[in-house]
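First comes the structure, then the notes that go with it.
Every read-out reported here was derived from the displayed coordinates using simple, explicitly stated rules and does not represent laboratory data. Keep in mind that what you see is a predicted model, and the values were worked out from it rather than measured. Positions of Cβ are backbone-derived with ideal geometry, glycine not excepted, and every protein chain shown enters the neighbour counts.
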Amino acid sequence: MRFDRSMARSGGRRTTWAWLLALGCALAPLASLAAKPLALQGIMKDMGRNMQVIVDGLSREDYAMVEKAALAIADHPQPPAGEKMRIMGFVGSNARRFKAFDGETYDNATALAKTSKSGNGEDAIASFQKLQSSCLACHQAFRKPFIDHFYGKAEVR
Ligand code: HEC
């Protein structure tokens, strides 16, 4: 609202449109370079949200909540086949390592589901810490290379 009024005062809508047009032209090449996010990124965002649910569940001692979110992480969906091929093509000789990190995450999420089912807070927290470390291990090894490779330098992060 405020923006509109001040633009009207300083020369009317035509100026605004000329500006927007110029801005659009300047940004168009960038937009076409920015790659579409991988399905993997959406899967990761969901895992991140489930980690937040787990933290919340631990604070509330709501272990059913923790268990459910841990199982959702263990059983996270896979990217579509075509994307999986692109990913495996990119990781190349590191495919085993990449899969091993995913396997550790699965094991630790499953273990967290089990400990939270037993209702022991200390055990659940210890399992949660292990799970977080397995996320971190893969991120430290792969996240930056993925972003450089799949999104290129046009991606501003
Ligand atoms: C096997 C490797 C691997 C494991 C294990 C892994 N991640 Fe990721 N994660 C990635 C990669 C690669 C990216 C970058 C993906 C992209 O930007 O397209 C990423 C990105 C993310 C992001 C950022 C998404 C965004 O908004 O850009 C979050 C959040 C995330 N992961 C959460 C998690 C959590 C939580 C776990 C563990 C429960 C986990 N990840 C385990 C590989 C992994």
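Taking H placed 1.01 Å from N in the peptide plane, check which residues at least 5 places from residue 38 or on another chain put their amide H under 5 Å from its amide H.
none
If each residue's Cβ is checked for other Cβ atoms within 10 Å, how do 59, 127, 133, 116 rank with the fewest at the top?
Ordered from fewest to most neighbouring Cβ atoms within 10 Å, 59, 127, 133, 116 come out as 59, 133, 127, 116.
I need the phi-derived Karplus couplings for the stretch 70-85: 6.51 cos²θ - 1.76 cosθ + 1.60, θ = phi - 60°, integer Hz, Gly and Pro marked x.
Values, residue by residue: 5, 5, 5, 5, 4, 9, 4, x, 9, x, x, 3, x, 5, 4, 5 Hz.
In whole Å, largest first, what are the principal axis extents of the Cα atoms in the stretch 36-157?
45, 28, 24
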